[in-house]
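Enquirer: My structure is below; once you've seen it, I'll send some questions.
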Amino acid sequence: MVNIGRFALAVWAKNQGKAIRVFLDPAKLAAWPAINAWFLKLKPKKEQDSKAMKKEIKEAGSQICSLHHVKLNPAFISRENDGVYKICPTCKEAYLSIHGVRCLACQGKAPYMKSPTKD
C-alpha cells in the first residue's frame, strides 16, 4: 500500500509492472448523492445517510468506477520471491507462507475487525 491520498487499487503482473488501476470516479457520482456526499465530504459524518449510501453502493456497483492501464514505477516492483501461497486454516483465504502457519490477519495483525453484521 502506498498512501498518496487517493482512493484506488492497482493490480499488476509482478515483474513487468503492467497494471490496471481502478478508482472511484468523481465524475460518475452525480447520480449517487449519498456516495458523492461521503466521498467528497460534502456533509459532516453525522449528517450522512449511511443506509442510503449502502443502498446506492449496491445499486451502482462498478458503474461508479473507472480504470486506467498504467505501468508501475520500477521502484515499486518487487523482484524478490515472496514464497508460496497457502490457505489459512482459520479464515480459508490465501496468504504468503513466509508469515507462518496462519495469515497475518488471523494472527491479530489486520487493521480491521470483523463486523458482527452483514450490512
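Enquirer: Only one residue in Arg21, Arg102 is surrounded by 14 or more Cβ atoms within 10 Å (Cβ to Cβ), charged (D, E, K, R), within 19 Å of the chain's Cα centre (by Cα) and at pLDDT 90 or above, so which one is that?
Expert: Arg21
Enquirer: Kindly check whether there is at least one residue in the stretch 56-65 that is exposed (fewer than 14 other Cβ atoms within 10 Å of the Cβ), in contact with a Phe, Trp or Tyr (Cβ under 9 Å, 6 or more places away or on another chain) and of a type in the set (A, V, I, L, M).
Expert: no
Enquirer: Residues being free of Cβ contacts under 8 Å to residues at least 60 places away in the same chain and either over 27 Å from Arg6 (Cβ atoms) or among the polar types (S, T, N, Q) (or both): count how many of those fall in the stretch 52-98.
Expert: The total comes to 17.
Enquirer: On to the next question. Which condition does Glu93 not pass, out of (1) within 23 Å of Met113 (Cα to Cα); (2) of a type in the set (Asp, Glu); (3) surrounded by 14 or more Cβ atoms within 10 Å (Cβ to Cβ), if it passes all the others?
Expert: Here Glu93 clears every test but (3).
Enquirer: Taking the stretch 107-119 as the region of interest, how many residues are over 19 Å from the mean Cα position of the chain (by Cα) and modelled with pLDDT of 85 or more?
Expert: Matching residues across the stretch 107-119 total 2.
Enquirer: Is it the case, given these coordinates, that Trp12 is of a type outside the set (Lys, Arg) and modelled with pLDDT under 95?
Expert: yes
The values are calculated or read from the model by the stated rules, or taken from the named source; none is laboratory data. Bear in mind that the values here come from a model prediction, so they are computed numbers and not experimental data. All Cβ positions, glycine included, derive from the backbone under ideal geometry; neighbour counts span all protein chains shown.
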